[in-house]
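Note sheet for the following structure.
The values are calculated or read from the model by the stated rules, or taken from the named source; none is laboratory data. Being a predicted model, the structure only gives us computed values, none of them experimental. Note that each Cβ is placed from the backbone with ideal geometry, even for glycine, and that neighbours are counted across all protein chains shown. For accessibility, only protein heavy atoms count, side chains too; no ligands or nucleic acids. Shrake-Rupley method; radii C 1.70, N 1.55, O 1.52, S 1.80 Å.
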Amino acid sequence: MVASDLIEIENVVIIGTGLMGTGIAQVAIEKGFAVTIVGRSQDKLTQSQSKIRNGLNRIAKKRFPDDAATAEEFVEGLLDNLSLVKTIAEAPIEDAQLIIEAIVENLKVKQKLLADLEPRLANNAILCSNTSSFLLEDVSDKFNSPERFAGLHFFNPVPAMKLCEVVKGGATSDVVYDSLLAFVRKLGKTPVKCGDTPGFIVNRLLIPYLLEAIHMNERGDASKEDIDTAMKLGTGHPMGPFELLDYIGLDTMKFVVDGWHQRYPDDPRFAPSETLDALVAEGKLGRKSGEGFLSHAPRG
Ligand code: NAI
(Lines give C-alpha, C1' and ligand atoms only; values in the text may rest on other atoms or scores of the structure.)
Protein backbone atom coordinates (compact mmCIF):
# COMPACT_ATOMS: atom_id res chain seq x y z
CA MET A 1 0.00 0.00 0.00
CA VAL A 2 1.27 3.50 -0.78
CA ALA A 3 0.88 6.33 1.69
CA SER A 4 -1.66 8.17 -0.50
CA ASP A 5 -4.09 5.29 0.03
CA LEU A 6 -4.29 6.10 3.71
CA ILE A 7 -7.23 7.98 5.19
CA GLU A 8 -6.06 11.50 6.02
CA ILE A 9 -7.14 12.12 9.60
CA GLU A 10 -7.67 15.77 10.55
CA ASN A 11 -10.85 15.91 12.62
CA VAL A 12 -11.16 13.61 15.61
CA VAL A 13 -14.18 13.15 17.86
CA ILE A 14 -13.50 11.61 21.27
CA ILE A 15 -16.45 10.35 23.25
CA GLY A 16 -15.81 10.27 27.00
CA THR A 17 -14.38 12.86 29.34
CA GLY A 18 -12.74 10.45 31.78
CA LEU A 19 -9.08 9.69 32.33
CA MET A 20 -8.59 8.20 28.91
CA GLY A 21 -10.74 10.49 26.75
CA THR A 22 -9.11 13.53 28.31
CA GLY A 23 -5.59 12.14 27.90
CA ILE A 24 -6.11 11.15 24.26
CA ALA A 25 -7.59 14.58 23.51
CA GLN A 26 -4.59 16.36 25.06
CA VAL A 27 -2.10 14.39 22.99
CA ALA A 28 -4.12 14.83 19.79
CA ILE A 29 -4.47 18.61 20.07
CA GLU A 30 -0.78 18.84 20.91
CA LYS A 31 -0.06 17.24 17.55
CA GLY A 32 -2.35 19.60 15.66
CA PHE A 33 -5.49 17.51 15.21
CA ALA A 34 -8.84 19.25 15.52
CA VAL A 35 -10.51 17.50 18.43
CA THR A 36 -14.06 17.52 19.77
CA ILE A 37 -14.69 15.91 23.14
CA VAL A 38 -18.19 14.71 23.89
CA GLY A 39 -19.06 14.69 27.58
CA ARG A 40 -22.32 14.28 29.39
CA SER A 41 -22.38 17.36 31.55
CA GLN A 42 -20.87 20.82 31.55
CA ASP A 43 -19.04 19.95 34.79
CA LYS A 44 -17.25 16.97 33.26
CA LEU A 45 -16.34 18.95 30.16
CA THR A 46 -14.97 21.79 32.26
CA GLN A 47 -12.93 19.34 34.37
CA SER A 48 -11.61 17.67 31.26
CA GLN A 49 -10.66 20.99 29.67
CA SER A 50 -8.87 22.19 32.78
CA LYS A 51 -6.88 18.91 33.02
CA ILE A 52 -5.84 19.39 29.40
CA ARG A 53 -4.88 23.01 30.06
CA ASN A 54 -2.78 21.94 33.06
CA GLY A 55 -1.06 19.25 31.00
CA LEU A 56 -0.29 21.70 28.21
CA ASN A 57 0.92 24.32 30.70
CA ARG A 58 3.47 21.83 32.01
CA ILE A 59 4.72 21.18 28.48
CA ALA A 60 4.80 24.92 27.70
CA LYS A 61 6.79 25.67 30.86
CA LYS A 62 9.43 23.15 29.85
CA ARG A 63 9.54 24.42 26.28
CA PHE A 64 9.57 28.14 27.11
CA PRO A 65 11.01 28.25 30.65
CA ASP A 66 11.87 31.96 30.55
CA ASP A 67 9.03 33.29 28.45
CA ALA A 68 5.64 33.15 30.16
CA ALA A 69 3.89 35.10 27.38
CA THR A 70 5.03 32.73 24.63
CA ALA A 71 4.16 29.75 26.83
CA GLU A 72 0.63 31.09 27.29
CA GLU A 73 0.26 31.82 23.59
CA PHE A 74 1.41 28.28 22.82
CA VAL A 75 -1.20 26.76 25.15
CA GLU A 76 -4.02 29.01 23.93
CA GLY A 77 -3.07 28.21 20.31
CA LEU A 78 -3.35 24.47 20.98
CA LEU A 79 -6.61 24.90 22.89
CA ASP A 80 -8.07 26.54 19.77
CA ASN A 81 -8.03 23.01 18.30
CA LEU A 82 -10.33 21.76 21.06
CA SER A 83 -14.13 21.88 21.04
CA LEU A 84 -16.38 20.59 23.79
CA VAL A 85 -19.95 19.40 23.32
CA LYS A 86 -22.43 17.94 25.77
CA THR A 87 -24.28 15.48 23.56
CA ILE A 88 -23.59 13.13 20.68
CA ALA A 89 -26.28 14.98 18.72
CA GLU A 90 -24.17 18.17 18.88
CA ALA A 91 -20.91 16.41 17.93
CA PRO A 92 -19.58 16.91 14.37
CA ILE A 93 -19.62 13.16 13.67
CA GLU A 94 -20.31 13.69 9.95
CA ASP A 95 -17.10 15.75 9.55
CA ALA A 96 -14.76 13.46 11.46
CA GLN A 97 -12.37 10.97 9.91
CA LEU A 98 -11.81 9.33 13.29
CA ILE A 99 -14.16 8.76 16.19
CA ILE A 100 -12.73 7.23 19.37
CA GLU A 101 -15.04 5.91 22.05
CA ALA A 102 -13.52 6.09 25.53
CA ILE A 103 -16.65 5.69 27.64
CA VAL A 104 -17.36 3.46 30.61
CA GLU A 105 -16.28 -0.21 30.25
CA ASN A 106 -19.82 -1.54 29.83
CA LEU A 107 -20.52 -3.72 26.82
CA LYS A 108 -24.19 -2.81 26.31
CA VAL A 109 -23.49 0.92 26.60
CA LYS A 110 -20.64 0.69 24.09
CA GLN A 111 -22.72 -1.40 21.66
CA LYS A 112 -25.57 1.09 21.76
CA LEU A 113 -23.20 4.01 21.21
CA LEU A 114 -21.75 2.36 18.09
CA ALA A 115 -25.19 1.62 16.69
CA ASP A 116 -26.27 5.24 17.30
CA LEU A 117 -23.17 6.60 15.58
CA GLU A 118 -23.27 4.36 12.52
CA PRO A 119 -25.81 6.27 10.37
CA ARG A 120 -23.90 9.52 10.86
CA LEU A 121 -20.43 8.33 9.88
CA ALA A 122 -18.82 9.82 6.77
CA ASN A 123 -17.89 7.34 4.05
CA ASN A 124 -14.21 7.32 4.95
CA ALA A 125 -14.65 7.57 8.72
CA ILE A 126 -12.96 5.15 11.12
CA LEU A 127 -14.53 4.20 14.44
CA CYS A 128 -12.33 2.96 17.30
CA SER A 129 -12.83 1.65 20.78
CA ASN A 130 -10.40 2.14 23.63
CA THR A 131 -11.79 -0.91 25.46
CA SER A 132 -9.26 -2.71 27.60
CA SER A 133 -11.08 -5.93 28.37
CA PHE A 134 -13.76 -6.64 25.76
CA LEU A 135 -13.24 -8.29 22.39
CA LEU A 136 -13.84 -5.90 19.49
CA GLU A 137 -16.06 -8.61 18.05
CA ASP A 138 -18.40 -8.18 21.03
CA VAL A 139 -18.22 -4.37 21.14
CA SER A 140 -19.17 -4.16 17.45
CA ASP A 141 -21.91 -6.77 17.69
CA LYS A 142 -24.60 -4.30 16.61
CA PHE A 143 -22.40 -2.35 14.19
CA ASN A 144 -22.90 -3.15 10.52
CA SER A 145 -19.65 -1.95 8.96
CA PRO A 146 -16.95 -3.79 10.94
CA GLU A 147 -14.37 -3.10 8.22
CA ARG A 148 -14.10 0.48 9.52
CA PHE A 149 -13.90 -0.55 13.17
CA ALA A 150 -10.70 -1.23 15.16
CA GLY A 151 -9.19 -0.90 18.62
CA LEU A 152 -6.91 1.91 19.75
CA HIS A 153 -5.82 0.88 23.21
CA PHE A 154 -3.94 3.70 24.89
CA PHE A 155 -2.39 3.49 28.34
CA ASN A 156 -2.90 5.64 31.39
CA PRO A 157 -1.65 8.37 31.80
CA VAL A 158 -1.90 8.88 28.03
CA PRO A 159 0.42 11.92 27.77
CA ALA A 160 3.21 9.97 29.50
CA MET A 161 2.76 6.43 28.18
CA LYS A 162 4.45 5.79 24.86
CA LEU A 163 2.49 2.70 23.80
CA CYS A 164 -0.72 2.26 21.85
CA GLU A 165 -1.96 -1.20 20.91
CA VAL A 166 -3.62 -1.02 17.52
CA VAL A 167 -6.08 -3.87 17.43
CA LYS A 168 -7.21 -5.40 14.18
CA GLY A 169 -10.69 -6.83 14.32
CA GLY A 170 -11.60 -9.85 12.20
CA ALA A 171 -13.08 -7.55 9.52
CA THR A 172 -10.98 -4.35 9.90
CA SER A 173 -9.83 -3.29 6.41
CA ASP A 174 -6.13 -2.87 5.67
CA VAL A 175 -6.54 0.79 4.75
CA VAL A 176 -8.29 1.52 8.05
CA TYR A 177 -5.65 -0.37 10.00
CA ASP A 178 -2.69 1.26 8.25
CA SER A 179 -4.27 4.70 8.64
CA LEU A 180 -4.53 4.09 12.39
CA LEU A 181 -0.89 3.00 12.63
CA ALA A 182 0.07 6.27 10.89
CA PHE A 183 -2.22 8.28 13.22
CA VAL A 184 -0.64 6.73 16.32
CA ARG A 185 2.86 7.54 15.02
CA LYS A 186 1.75 11.15 14.40
CA LEU A 187 0.70 11.30 18.05
CA GLY A 188 4.30 10.45 18.93
CA LYS A 189 3.33 7.05 20.32
CA THR A 190 4.73 3.66 19.40
CA PRO A 191 2.05 1.45 17.88
CA VAL A 192 2.12 -2.31 18.28
CA LYS A 193 -0.03 -4.51 16.07
CA CYS A 194 -2.25 -7.08 17.68
CA GLY A 195 -5.28 -9.22 16.99
CA ASP A 196 -8.68 -9.26 18.68
CA THR A 197 -7.88 -11.54 21.63
CA PRO A 198 -8.69 -11.02 25.35
CA GLY A 199 -6.40 -8.33 26.76
CA PHE A 200 -4.56 -7.86 23.46
CA ILE A 201 -0.83 -7.99 24.33
CA VAL A 202 -0.18 -6.10 27.55
CA ASN A 203 -3.19 -7.09 29.63
CA ARG A 204 -3.13 -10.66 28.34
CA LEU A 205 0.30 -11.09 29.85
CA LEU A 206 -0.21 -8.80 32.83
CA ILE A 207 -3.55 -10.06 34.24
CA PRO A 208 -2.52 -13.75 34.54
CA TYR A 209 0.78 -12.61 36.09
CA LEU A 210 -1.02 -10.46 38.68
CA LEU A 211 -3.51 -13.24 39.40
CA GLU A 212 -0.72 -15.76 39.89
CA ALA A 213 0.95 -13.40 42.37
CA ILE A 214 -2.34 -13.30 44.35
CA HIS A 215 -2.73 -17.10 44.16
CA MET A 216 0.92 -17.56 45.24
CA ASN A 217 0.21 -15.48 48.35
CA GLU A 218 -3.13 -17.27 48.97
CA ARG A 219 -1.33 -20.64 48.91
CA GLY A 220 1.08 -19.31 51.53
CA ASP A 221 4.09 -19.69 49.23
CA ALA A 222 5.41 -16.16 49.89
CA SER A 223 4.36 -12.89 51.52
CA LYS A 224 3.05 -9.96 49.44
CA GLU A 225 6.05 -7.90 50.44
CA ASP A 226 8.53 -10.61 49.41
CA ILE A 227 6.74 -11.18 46.10
CA ASP A 228 6.92 -7.43 45.37
CA THR A 229 10.58 -7.24 46.37
CA ALA A 230 11.42 -10.33 44.31
CA MET A 231 9.84 -8.97 41.14
CA LYS A 232 11.38 -5.53 41.54
CA LEU A 233 14.90 -6.70 42.28
CA GLY A 234 14.79 -9.90 40.26
CA THR A 235 13.32 -8.53 37.05
CA GLY A 236 13.81 -4.77 37.27
CA HIS A 237 10.05 -4.06 37.32
CA PRO A 238 9.40 -0.59 38.78
CA MET A 239 6.52 -1.95 40.91
CA GLY A 240 5.86 -5.37 42.36
CA PRO A 241 2.56 -7.09 41.46
CA PHE A 242 0.74 -6.04 44.66
CA GLU A 243 1.83 -2.43 44.30
CA LEU A 244 0.69 -2.55 40.70
CA LEU A 245 -2.65 -4.16 41.60
CA ASP A 246 -3.34 -1.36 44.07
CA TYR A 247 -2.31 1.23 41.46
CA ILE A 248 -4.65 -0.21 38.81
CA GLY A 249 -7.54 -0.49 41.31
CA LEU A 250 -8.90 -3.79 42.61
CA ASP A 251 -12.41 -3.10 41.28
CA THR A 252 -11.00 -2.71 37.78
CA MET A 253 -8.94 -5.88 38.18
CA LYS A 254 -11.97 -7.83 39.42
CA PHE A 255 -14.11 -6.54 36.57
CA VAL A 256 -11.62 -7.80 33.98
CA VAL A 257 -11.02 -11.15 35.69
CA ASP A 258 -14.75 -11.83 36.11
CA GLY A 259 -15.44 -10.97 32.47
CA TRP A 260 -12.72 -13.24 31.16
CA HIS A 261 -13.61 -16.05 33.57
CA GLN A 262 -17.22 -15.89 32.41
CA ARG A 263 -16.13 -16.11 28.77
CA TYR A 264 -13.46 -18.79 29.35
CA PRO A 265 -14.65 -20.66 32.49
CA ASP A 266 -12.20 -23.55 32.06
CA ASP A 267 -9.08 -21.46 31.57
CA PRO A 268 -7.04 -21.58 34.81
CA ARG A 269 -5.16 -18.39 33.82
CA PHE A 270 -8.34 -16.37 34.42
CA ALA A 271 -9.48 -18.15 37.62
CA PRO A 272 -10.98 -15.65 40.12
CA SER A 273 -9.45 -15.03 43.54
CA GLU A 274 -11.36 -15.11 46.82
CA THR A 275 -8.99 -12.58 48.36
CA LEU A 276 -9.51 -10.12 45.51
CA ASP A 277 -13.30 -10.56 45.70
CA ALA A 278 -13.31 -10.03 49.48
CA LEU A 279 -11.20 -6.86 49.30
CA VAL A 280 -13.49 -5.37 46.67
CA ALA A 281 -16.58 -6.30 48.72
CA GLU A 282 -15.03 -4.45 51.71
CA GLY A 283 -14.41 -1.38 49.55
CA LYS A 284 -10.63 -1.84 49.72
CA LEU A 285 -9.90 -0.87 46.16
CA GLY A 286 -6.21 0.01 46.30
CA ARG A 287 -4.58 3.42 46.19
CA LYS A 288 -7.80 5.26 45.39
CA SER A 289 -9.47 4.09 48.64
CA GLY A 290 -6.33 4.21 50.81
CA GLU A 291 -6.10 0.44 51.17
CA GLY A 292 -6.06 -2.63 48.96
CA PHE A 293 -3.59 -5.48 49.16
CA LEU A 294 -1.29 -2.93 50.83
CA SER A 295 -2.03 0.03 53.06
CA HIS A 296 -1.68 3.48 51.52
CA ALA A 297 -2.82 5.51 54.51
CA PRO A 298 -1.20 8.93 54.55
CA ARG A 299 1.62 9.03 57.09
CA GLY A 300 0.72 11.24 60.06
P1 NAI B 1 -13.50 6.97 33.38
O2 NAI B 1 -14.39 6.36 34.39
O3 NAI B 1 -12.42 7.89 33.80
O4 NAI B 1 -14.39 7.72 32.26
C5 NAI B 1 -15.52 7.10 31.71
C6 NAI B 1 -16.27 8.09 30.85
O7 NAI B 1 -17.45 7.42 30.38
C8 NAI B 1 -16.74 9.35 31.57
O9 NAI B 1 -16.58 10.43 30.68
C10 NAI B 1 -18.22 9.09 31.81
O11 NAI B 1 -18.97 10.28 31.83
C12 NAI B 1 -18.57 8.29 30.57
N13 NAI B 1 -19.75 7.45 30.76
C14 NAI B 1 -20.09 6.76 31.87
N15 NAI B 1 -21.27 6.13 31.68
C16 NAI B 1 -21.65 6.45 30.41
C17 NAI B 1 -22.78 6.15 29.63
N18 NAI B 1 -23.77 5.38 30.11
N19 NAI B 1 -22.84 6.64 28.36
C20 NAI B 1 -21.85 7.43 27.87
N21 NAI B 1 -20.76 7.76 28.59
C22 NAI B 1 -20.67 7.28 29.83
O23 NAI B 1 -12.91 5.73 32.56
P24 NAI B 1 -11.55 5.62 31.76
O25 NAI B 1 -10.52 5.06 32.66
O26 NAI B 1 -11.30 6.87 31.01
O27 NAI B 1 -11.92 4.44 30.73
C28 NAI B 1 -12.60 4.67 29.53
C29 NAI B 1 -12.34 3.51 28.60
O30 NAI B 1 -10.94 3.36 28.41
C31 NAI B 1 -12.85 2.16 29.13
O32 NAI B 1 -13.27 1.40 28.04
C33 NAI B 1 -11.59 1.55 29.74
O34 NAI B 1 -11.62 0.16 29.77
C35 NAI B 1 -10.54 2.04 28.76
N36 NAI B 1 -9.17 2.09 29.27
C37 NAI B 1 -8.90 2.51 30.55
C38 NAI B 1 -7.59 2.53 30.99
C39 NAI B 1 -7.26 2.99 32.38
O40 NAI B 1 -6.13 2.72 32.84
N41 NAI B 1 -8.14 3.68 33.08
C42 NAI B 1 -6.46 2.13 30.13
C43 NAI B 1 -6.86 1.79 28.78
C44 NAI B 1 -8.17 1.75 28.39
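Within straight cross-link reach of Lys284, meaning Cα distance under 28 Å, which lysines are found once same-chain residues fewer than 8 apart are removed? Within reach: Lys44, Lys51, Lys108, Lys110, Lys224, Lys232, Lys254. Taking Cα atoms only, the orientation of helix 68-79 departs from the longest principal axis of the chain by about 80 degrees. With all protein chains in place and a 1.4 Å probe, the accessible surface of the chain carries 53 percent carbon and sulfur. Working note: Karplus 6.51/-1.76/1.60 with θ = phi - 60° gives the range 176-184 the couplings 5, 5, 5, 5, 5, 4, 5, 4, 5 Hz, where Gly and Pro are set to x. Using the beta-carbon distance between Ala115 and Lys186 and R0 = 30 Å, what value does 1/(1 + (r/R0)^6) give for FRET efficiency, to the nearest 0.05? Result of the calculation: an efficiency of 0.55. Relative to the dominant Cα principal axis of the chain, helix 42-63 is inclined by about 90°. This model, with +1 at the C-beta of Lys and Arg and -1 at the C-beta of Asp and Glu, gives the chain a dipole about its Cα centre of some 480 debye. Each peptide in 115-122, 25-32 gets a packing score, the mean of other Cβ atoms within 10 Å over its residues, and the list from highest to lowest is 25-32, 115-122. Across the protein chains, with a 1.4 Å probe defining accessible surface, the residues Asp251, Asp66 rank Asp66, Asp251 from largest area downward. Per-residue extension of 0.36 nm, minus the Cα-Cα distance of Arg287 and Lys162, leaves a gain of 42.7 nm for this segment. Accessible area per residue (1.4 Å probe, heavy atoms of protein chains only) ranks Asp246, Asp178 as Asp178, Asp246, with the largest value leading. For Leu187, neighbours were defined as the other residues whose beta-carbon sits under 9 Å from its Cβ, and their charges (Lys and Arg +1, Asp and Glu -1) total +3. Averaged over its residues, the chain has an accessible area of 50 Å² per residue, based on protein heavy atoms and a 1.4 Å probe. Using the alpha-carbon atoms, what tilt in degrees (0 to 90, nearest 10) does helix 19-30 show relative to the longest principal axis of the chain? Around 40 degrees separate the two axes. Between the beta carbons of Asp221 and Phe155, assuming R0 = 22 Å, the FRET efficiency works out to 0.15 to the nearest 0.05. For the chain, modelled as a GNM whose springs connect Cα atoms under 10 angstrom apart, the maximal fluctuation among Ala34, Ala96, Ala230 occurs at Ala230. Under 19 Å from the 7 Å Cα→Cβ point of Asn106, by amide nitrogen: which residues of the range 250-291? Residues 251-260 qualify, since their backbone N sits under 19 Å from the label point.
Per-residue surface analysis assigns Asp80 an accessible area of about 130 Å², computed on protein heavy atoms at 1.4 Å probe radius. Extension gain for Asn123 to Arg263 (0.36 nm times residue separation, less C-alpha to C-alpha distance): 47.0 nm. Across the protein chains, with a 1.4 Å probe defining accessible surface, the residues Phe293, Phe255 rank Phe255, Phe293 from largest area downward.
Here the 3J(HN,Hα) profile of the range 120-133, calculated from phi with Karplus coefficients 6.51, -1.76 and 1.60 at θ = phi - 60°, is 9, 6, 5, 4, 9, 6, 10, 10, 10, 10, 9, 3, 10, 10 Hz, Gly and Pro shown as x.
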